[in-house]
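First the structure, in the form of structure tokens, and then the observations on it.
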Amino acid sequence: MTEAQNPTARVVTVSATYGSGGSVIAPRLAAALGMAFEDRVISPPTAAALESLTDEERESTPPSRWLSALARVAAMVPASPMPMEGDADPVQDLRRRNEEQIGAALAAGDVLFLGRGAALALAKRPKAFHVRLDGPADRRIARAMAIEHTSLDEATARCSATDRARDHFVRRLYNADPSSAQYYHLVLDTTVLTTDGVVEVLTTAAELFFARST
């Protein structure tokens, strides 16, 4: 996407695996930094709906069925891409819609994006601080159980479905592995810190990053 849109705006992107606390940490970080908050496309309910597809449908080339399903499901989630129309290429159309929304948020000023492949979409933007939240699956599942008040079996199923769907979203749109550290300035295991501690670490790191980039 174009990097000329509001080039002075500060940007933070947060990529988060299931149970790493992204849905709690990201909006708090945005508030601490005085930024607008843009939520992710793939929530656990979206991921669960996508699980109805078979492995063959997910891995098919071109991946029209998977992306069409994602677009239909994501259209029901606030601030997410609209469904695709006509015979448009599903990959390019969904990527375009995603980046149009990223661009619209950037036009309004400083913003934090949770998910959306924003670290890839804004990889060349100088004033974009990219963060990845992760941790061992067993500890993330335990954390999710506490946050969502759910059972071990349900949290385990959600972990598998959500991580898988988010991985596919980034791979399909940007041909990249979202777990690769090369796309982030900071990768943090959030399962060894309190939520307050994580927000404090990320706030300090972001402020230091922006101070150096001015």
Open item on the list: Could you derive backbone 3J(HN,Hα) for the range 26-35 from the dihedral phi with the Karplus parameters 6.51, -1.76 and 1.60 (θ = phi - 60°), listing whole Hz in sequence and x where the residue is Gly or Pro?
Closed with: 4, x, 5, 5, 4, 5, 5, 8, x, 10
- [ ] Write out the trypsin sites (Lys or Arg not before Pro) in the range 107-138 meeting two conditions: DSSP loop, and at most 14 other Cβ atoms within 10 Å of their Cβ.
- [x] 124
Task: Amide H within-cut-off set for residue 112, under 5 Å, with H built and near neighbours excluded - done: 12, 36, 37, 38
Task: 5 angstrom amide H check on residue 18, placed H, neighbours 5+ away - done: 163
TODO: Would you order 113, 209, 129 from fewest to most other beta-carbon atoms within 10 Å of each residue's own beta-carbon?
DONE: 209, 129, 113
Open item on the list: Just to verify a number: FRET efficiency for residue 108 and residue 139, C-beta to C-beta distance, R0 = 22 Å, to 0.05?
Closed with: 0.05
Task: Sorted by Cβ neighbour density within 10 Å, fewest at the top, the residues 174, 18 - done: 174, 18
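Coordinate-derived values only; no laboratory data. Worth saying up front: this structure is predicted, and the values here are computed from it rather than measured. Cβ: placed from backbone, ideal geometry, glycine included. Neighbour counts: every protein chain shown.
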